[in-house]
Each structure stands twice: as structure tokens, then as C-alpha cells.
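J.: Quick one: this structure, given as C-alpha cells, is what I'll be asking you about.
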Amino acid sequence: MNTLNWHTIRHIGRADNANRWQPSAEVAEYFRSIRSPSRAWPHSYAKAAQTPKFAKWLADNRPELAVKLGVV
């Protein structure tokens, strides 16, 4: 199973003017227990999206999206 990289996570979220990455509504439920991004820690969600744990969650819960992003 592949993990997501910076290029790929741009397809499932977006960054604001302070470079804080926010996930799209389609995958937002995974990030509920993760510290939300701030100016001091702008990549908290983005780093979580690049883990094998998220790749597995994506394959299990959003299989069509996982295939589209090349996770499986």
C-alpha cells in the first residue's frame, strides 16, 4: 500500500493563505482527533495524511478515492 505525498494530498484538500492544509469534506472525519493546523503548526493534518495509517483508512473507507489516488 502506498502512502500519499504532498502532490497527492492536494487532491483531497487545500491550503489557505497561511499554508495550513485542510482536508475536503470527503475525508475530514479521519482528522477529527488530530490537532487542527495553526500558524505555528500548519502541517498537522497534512503530515497525518501522509502516513500508512491514513492510507489504510482511505483504502478501507473510501476505496474508490484510494484507487484514484494510487494508494492501492
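J.: If amide H atoms are built 1.01 Å from N in the plane of the peptide, which residues on other chains or at least 5 residues away come under 5 Å of the amide H of Gly13?
T.: Ser24
J.: What is the gain in length, in nm to one decimal, between Ser36 and Lys53 on full extension, counting 0.36 nm per residue of separation less the C-alpha to C-alpha distance?
T.: My answer for the length gained is 4.3 nm.
J.: Would you list which aspartates and glutamates come within 18 Å of Lys53, measuring only between C-alpha atoms, while excluding same-chain residues fewer than 8 positions from it?
T.: Glu26, Glu29, Glu64
J.: Using just the Cα positions, wrap the chain in a convex hull and report its mean projected area in square nanometres, one decimal place.
T.: Answer in nm², one decimal: 4.3.
J.: Pairs of alpha-carbon atoms within less than 8 angstrom and 6+ residues apart define the contacts here; what relative contact order does the chain have, in percent?
T.: Relative contact order here is 37 percent.
J.: Next up: Provide the per-residue ³J(HN,Hα) series for the range 66-72, in order, calculated from phi with Karplus coefficients 6.51, -1.76, 1.60 and θ = phi - 60°, each as a whole number of Hz, with x at glycine and proline positions.
T.: 3J(HN,Hα) across the range 66-72, in whole Hz: 4, 5, 4, 8, x, 6, 10.
J.: What order, most packed first, do the peptides 56-65, 42-51 have when packing is the mean number of other Cβ atoms within 10 Å of each residue?
T.: In decreasing order of mean packing, 56-65, 42-51 become 42-51, 56-65.
J.: Roughly speaking, what is the stretch gain from Ala28 to Thr8, that is 0.36 nm per residue apart minus the C-alpha to C-alpha distance, in nm to one decimal?
T.: Stretched fully, the Ala28-Thr8 segment lengthens by 5.6 nm.
Read the figures in this text as sums done on the coordinates, not as results from a lab. Just so it is clear, the structure is predicted and the values come from calculations on it, not from any experiment. Backbone-built Cβ (ideal geometry, glycine too); neighbour counts: all protein chains shown.
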